[in-house]
Amino acid sequence: MFHRVFLPETNTPQIELPTELALRMGCNLDQLKVLPDVAVQALDIAKDPNCSVTRFSTVVEQDVKLTTDILRMANTVVFSGGQRITSLHQAIIRLGFRHCKNLILSSCIGSLMRRMSIQETNSREKLYKHGFLTALISANLNNLFGIRFMGEDFTAGLIHDLGRTLLAMFMPTEFKQFDKLDFVEDQYLLEREHAALGTTHCDVGGWFVQHNMLPDPLCQVVRFHHQPELSGEGRLLTTLVAASDEIANFVHQLGAPRELPIDKLTMLVKLEEVGVDRAIEKFADQSTQIVTMALSDLCSLNSRKS
Ligand SMILES: [Fe+2]
Ligand SMILES: [Fe+2]
């Protein structure tokens, strides 16, 4: 049984997948449930605008791992600004309910990515790190550009390539043939996937997000992060994640923030097209600091993982 969390119903049509893949994934949906019961309960309580911090934190604290994860993420430099947050109560006061709800979602998505059984652990780790690096860059860009998402930036960055992890799990042989996990992505990537699989990692991830009843803006990011112009109302969030994904890909390829080729960051141009003022110039000024901070936060999230 799945519950829709904290965002209104959507009119987005159901994504269709090739029958065999849909059957394989459908049979395993229970095992791949994103939200544990405590998270569903907490997100439900937080729908009430008069919900008390104590009531909310008491529910979340029933799940020790969830609480620990939220505190770890809340204590990254990008969210805490270097000021230590020591309790869930303090995190809610400092960051706000909306932000904490997104941290709950992020924690659950991170846990899911960890427990997905993929033959090659190395592939899962690479995709896990790519998700978190994209999430951290997205949160940094959100701050840099003053966009004012409240954690959606991080959650969406984390989940954007979930379809790749699902393909590695459910179509391991085919996945290995077309995705080398080298993070070199060109404009024909989706066409190649479609020719090989009859679908793309974007649609596989989107299908999964829909079947877990997660918020529609997340579904849009997952589906359209390679073509943000196709995203509807969530276009700004999708473009922000697309830009962060592109930067994360270059970081994986180059391994050194100072070498980022600003002129090749095509998604920053698209961010300007959706109204983010001087995105290229602002990022060019801060690129080294942003990538360094994201890598440092990624290290601290990874070094304390259970
Ligand atoms: Fe992708
Ligand atoms: Fe990606």
**OP:** Can you give me the number of residues within the range 225-266 that are farther than 13 Å from E185 by Cα, within 13 Å of ligand 1 (Cβ to nearest atom) and open to solvent by 10 Å² or more (accessible area, probe 1.4 Å)?
**Re:** 0
Original post:
Restricting attention to the range 29-50, which residues are without any contact (Cβ under 8 Å) to a residue 40 or more places away in the chain and not acidic (D, E)?
Top reply: Q31, V38, V40, Q41, I45, P49, N50
**OP:** Report the residue count in the range 179-203 for those that are of a type in the set (A, V, I, L, M, F, W, C) and within 24 Å of I109 (Cβ to Cβ).
**Re:** 6
**OP:** Output the residues belonging to the range 225-244 that are in contact (Cβ under 8 Å) with a residue 24 or more places away in the chain and among the charged types (D, E, K, R).
**Re:** E229, R235
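Listed here are the residues, each with its yes/no results for (1) within 13 Å of the chain's Cα centre (by Cα); (2) surrounded by fewer than 24 Cβ atoms within 10 Å (Cβ to Cβ).
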position: R148; (1), (2): no, yes
position: E152; (1), (2): yes, no
position: H160; (1), (2): yes, no
position: T173; (1), (2): no, yes
position: K176; (1), (2): no, yes
position: L181; (1), (2): no, yes
position: Y188; (1), (2): no, yes
position: R192; (1), (2): no, yes
position: H201; (1), (2): no, no
Original post:
Here are some conditions: (1) open to solvent by less than 50 Å² (accessible area, probe 1.4 Å); (2) under 25 Å from N143 (Cα atoms). G26 meets all but one. Which one does it not meet?
Top reply: (2)
**OP:** Could you check, for the range 187-202, whether at least one of its residues is closer than 17 Å to G131 by Cα and touching a Phe, Trp or Tyr at 6+ places or on another chain (Cβ under 8 Å)?
**Re:** yes
Original post:
Any chance the range 206-224 includes a residue that's free of Cβ contacts under 8 Å to residues at least 24 places away in the same chain and either open to solvent by 30 Å² or more (accessible area, probe 1.4 Å) or of a type in the set (A, V, I, L, M, F, W, C) (or both)?
Top reply: yes
Original post:
If you take just the helices (runs of 4 or more DSSP H) that sit entirely in the range 92-162, which of them hold at least 3 residues that are in the same structural domain as F56 (by TED's automatic domain parsing), out of contact with any His (no Cβ under 7 Å at 6 or more places or on another chain) and more than 16 Å from ligand 2 (Cβ to nearest atom)?
Top reply: 97-115
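The values are calculated or read from the model by the stated rules, or taken from the named source; none is laboratory data. Keep in mind it's a predicted model, so treat the numbers as computed, not measured. With ideal geometry, Cβ positions are generated from the backbone for all residues, glycine too; neighbour counts draw on all protein chains shown. The accessibility values were calculated without ligands, DNA or RNA, using every heavy atom of the protein model including side chains. Shrake-Rupley method; radii C 1.70, N 1.55, O 1.52, S 1.80 Å.
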